[in-house]
Amino acid sequence: MVDITDYTEDEILILEVKGEIDASSSLSLDQAIADALKKNYRNVLVDLSKLDYISSAGLGVFMSYIQEFKQKQIYFALFGLSEKVSNVFQILGLDQLIPVFPTLEQAKNQVHGV
Amino acid sequence: MEYKHQVNCSKEKLGDLREFVRKVLDRLEIAEFQKNELVLAIDEVCANVIIHSHQCNAKDWIQLTIKTDNPQGLVFEVIDSGKGFNISKYRTPSLEELIEQRRKGGLGLRLIRKIMDEVHYEKSTHHHTYRFFKKCQHK
């Protein structure tokens with residue numbers, strides 16, 4: 001099961017993802033990112049600090065939006081990954097394709113060019 | 001020892017399968033990161049079989065066996081009575097292709113191949129067997 005909420009901070013849209021993303025729950029993530037795109041924010045960050053598990057179904061959702069974020073010139077990044085979740089991104093090299101930060105503060109610094 | 005678990009072909013059962021694999025691996029003296037990777041790889045195998053071989057038909061079932069007796073490593077077997085697919089011959093698309101085509105699928109087999117040391121497929125009259133071997137790193 002996965003629970004996704006969103007809020008804004010300093011004009012950045014932040015999605016908070018809690019629980020587990022696998023083949024049965026990845027549609028919720030897909031829908032949440034599709035909805036985030038419609039809100040026309042220049043910056044979208046995803047908080048994965050409360051994500052306990054991710055399979056390829058979840059990774060595939062993130063990957064499928066890389067082009068769209070790029071085309072719409074929206075900055076998209078992830079932050080707060082646990083060691084376990086981070087390892088899954090690293091196995092496939094996705095941490096090289098999507099910016100990943102340890103904390104929200106560091107992700108925001110990147111957005112604001114600090 | 002040999003541990004068996006059977007589930008219906010519903011994606012909602014993947015959580016049960018992960019819990020089963022985790023419980024078996026917790027009995028063994030292997031590194032935590034490797035337990036996490038093996039749970040992930042088996043989740044990927046079973047998701048592929050449930051979705052592609054059974055089209056998520058909950059009346060069908062798959063059976064997972066974990067064999068822990070081999071001192072060289074662990075053997076995982078998934079028995080599937082659906083359409084089956086030759087996992088050892090399936091081409092994994094490149095990351096560039098997946099990004100370009102905005103595809104959400106295609107990463108699972110790549111993960112399985114990166115995590116498992118050996119991937120085998122066997123077809124018999126009534127079922128398909130997907131067999132995986134992983135050399136273990138002890139704690």
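For the reader, a short list of remarks on this structure follows.
- Between A:ASP47, A:ASP35, A:ASP22, the residue with the greatest mean-square fluctuation in the GNM of chain A (Cα pairs under 10 Å linked by springs) is A:ASP35.
- Counts of other chain beta carbons within 10 angstrom of each beta carbon in peptide A:57-68 average 5.
- Positive-pole candidate from A:LEU97, A:GLN67, A:SER28, dipole of segment A:2-106, charges at beta carbon: A:GLN67
- Simple label model, 7 Å out from Cα along Cβ direction - A:ASP10 to B:ASP117, nm: 4.8 nm
- Candidates B:GLN72, B:GLN55, B:GLN34, ranked by Gaussian network fluctuation over chain B, Cα under 10 Å, top entry: B:GLN72
- Degrees between helix A:26-38 axis and first principal axis of chain A (Cα, 0 to 90, nearest 10): 10 degrees
- Fraction of the pair-distance distribution of segment A:1-73 above 17 Å, Cα-Cα pairs, percent: 40 percent
- Considering every alpha-carbon pair of the protein assembly as shown, the percent of pairs per 5 Å bin, from zero through the bin containing the longest distance, is 1, 6, 13, 17, 18, 15, 12, 8, 5, 3, 1, 0, 0.
- Calculated FRET value between B:GLU100 and A:LYS50, using beta carbons and R₀ = 30 Å, to 0.05: 0.40
- Charge dipole (debye, nearest 20) of segment B:2-135; +1 at Cβ of Lys and Arg, -1 at Cβ of Asp and Glu: 300 debye
- Rounded FRET efficiency, nearest 0.05, which uses the C-beta distance separating B:ASP69 from A:LEU97 and R0 of 30 Å: 0.15
- Modelled this way, with points 7 Å down the Cα-to-C-beta line, the labels at A:LYS70 and B:LEU28 are 3.9 nm from one another.
- Over segment B:38-139, the hull volume per residue, using the convex hull of the C-alpha atoms, is 118 Å³.
- Of the residues A:GLY19, A:GLY58, A:GLY93, the one that moves most in a GNM of chain A with alpha-carbon contacts below 10 Å is A:GLY93.
- Of B:LEU95, B:LEU40, B:VAL75, farthest towards positive along the dipole that unit charges on Lys, Arg, Asp, Glu beta carbons give segment B:2-135: B:LEU95
Just so you know, all these numbers are worked out from the coordinates, no wet-lab data involved. Bear in mind the structure is a predicted one, so any value in this text is a computation, not a measurement. Neighbour counts run over all protein chains shown; Cβ positions are idealised from the backbone, glycine included.
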